[in-house]
């Protein structure tokens, strides 16, 4: 029973704020609301903006995918409002991990921190891998003959992912503010390219392609066994596509266009006036991203019938331009994808390091790696270690096979943060909150349930891999983190009180 109570021990808000003042493990507050909004746009607008809408329209919802994006953005906004309230109340690095530590205890905080490491490590590696693939494609489109794979004896190393991770690891180690300035340039460029493509696409839009706006439902060719969704596996229902169900299924797919805003919350400790800047930056970034995705979807479904996209096999915005005879768009979009993925990698590397930094500072991971550089005021050593790990995975492994693991890690964090808001409201109503989720606890609970529903749409295989990751995390917690936790050490050092 003692162990059960111990894993529920909570780190008070005051302790968390005091931890951030450790001179050897503190971060400099340099970021503004604009910086945070740019980080949110940077991580959410990548290659997906040119493909996810077309895929959802072709296979799930037809032109009704516009509604899918609106539904997904509302669900994301609910969860992000919960992040904004927490971050403005507890402006400390660590995002959902730190929030869970204050509301649900150390055991839950460890699990969610472990999930976030999975999300950001794999996401950074997967995006870096795709950056290398798109770099090779861009070389081909522009007639540049440069091999992107190095043959080192029995090992094939893709140098593109290693290069881009190395550059941004160096920038982040030198300073977060410098990195955000570089990131701002890349983000403005990719938003400009996206807007150019949208405007060009509108010249090919035909009103008849939007009819029927919601195609009639029809039976879907579904996966079986472990490759079907958990909901389908448990319920045994015959899946359908298009119709209202198709719009909802499309929302589950396109929701992942919005993941990454939780990364912005990891910078709370580096934000000036976090009580105001964090909510404005996070919600402002989400609004910009929603508008961009809806506009791209309006264009792609208006240029060609959704049935033509479905027949293409692997639909994207490029597919729509090719079908209307505008082949030039392929080169523009390939540049947009490369620029877009570049800034995504930087933000994910930043988020990964801040999660590990927070867990290390609390003793759940080795404390030595959380020391910050006296010169740069960043966890430079940890940033380099994380960069090496991401570069090796991206350059050597087929990490893209684990892509869905990113989604389940993100959604599990969204669920706990959503349910954590009413818990902290009840236990600490006295805390100053720069932002408050309206209609609590109703909206936070709806957000948590909606995210659980989206998780149920992931495959059984993903759930089994997630379970294996959790088991590994529990083993590490039981064998190392539980004993070395700062809360545990402080309780052991505290003199016993006679009953």
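Each value in this text was obtained by applying a stated rule to the coordinates, not by laboratory testing. All of these numbers come straight from a predicted model, not from anything done at the bench. Quick reminder, even Gly has a Cβ in these numbers, built from the backbone with ideal geometry, and neighbours come from all protein chains shown.
Which of the peptides 345-353, 69-77, 307-315 is most tightly packed, and how do the rest follow, going by the mean number of other Cβ atoms within 10 Å of each residue?
Averaged packing, sorted descending, gives the order 345-353, 69-77, 307-315.
In what sequence, highest mean first, do 274-283, 469-478 appear when ranked by Cβ atoms within 10 angstrom?
274-283, 469-478
Given points 7 Å out from each Cα along the Cα-Cβ axis, report the residue 199 to residue 452 separation in nanometres with one decimal.
4.7 nm
What FRET efficiency comes out for the pair residue 34/residue 465, r = Cβ-Cβ distance, R0 = 51 Å, nearest 0.05?
0.85
If you line up the long axis of helix 403-427 against the longest principal axis of the chain, both from Cα atoms, how many degrees apart are they, to the nearest 10?
Tilt relative to the chain: about 50 degrees.
Got the relative contact order for the chain handy, in percent, Cα pairs under 8 Å and 6 or more residues apart?
Over the chain, the number comes to 34 percent.
Based on alpha-carbon centroids, what's the gap between the range 354-422 and the range 99-129 in Å, whole number please?
Spelled out, the Cα-based centre of one part sits 7 Å from the other.
Fewest Cβ neighbours within 10 Å first, please rank 388, 198 accordingly.
Listing 388, 198 from fewest to most nearby Cβ atoms yields 388, 198.
Round to the nearest 10 and give me the degree value, 0 to 90, for the angle of helix 329-361's Cα axis relative to the longest principal axis of the chain.
10 degrees
Calculate the FRET efficiency for residue 150 and residue 480 from the Cβ-Cβ distance with a Förster distance of 35 Å, rounded to the nearest 0.05.
The computed FRET efficiency comes out at 0.45.
Return the percentage of antiparallel bridges among DSSP beta bridges fully within the chain, rounded to the nearest 5 %.
90 percent
Using a 10 Å cut-off on Cβ atoms, rank the peptides 438-446, 210-218 from the highest mean neighbour count down.
438-446, 210-218
Tilt of helix 176-202 relative to the longest C-alpha principal axis of the chain, in degrees (0 to 90, nearest 10)?
Tilt of helix 176-202: around 20 degrees.
Per DSSP H run of n ≥ 4, the term is -39500 (n - 2.57); total these for the chain, divide by its residue number, and report the mean residue ellipticity at 222 nm rounded to 500 deg cm²/dmol.
Result for the chain, helices only: -21000 deg cm²/dmol.
Which translational diffusion coefficient, to the nearest whole µm²/s, is obtained for the chain from the Stokes-Einstein equation, given a Kirkwood hydrodynamic radius over C-alpha pairs, 10 °C and 1.306 mPa s?
68 µm²/s
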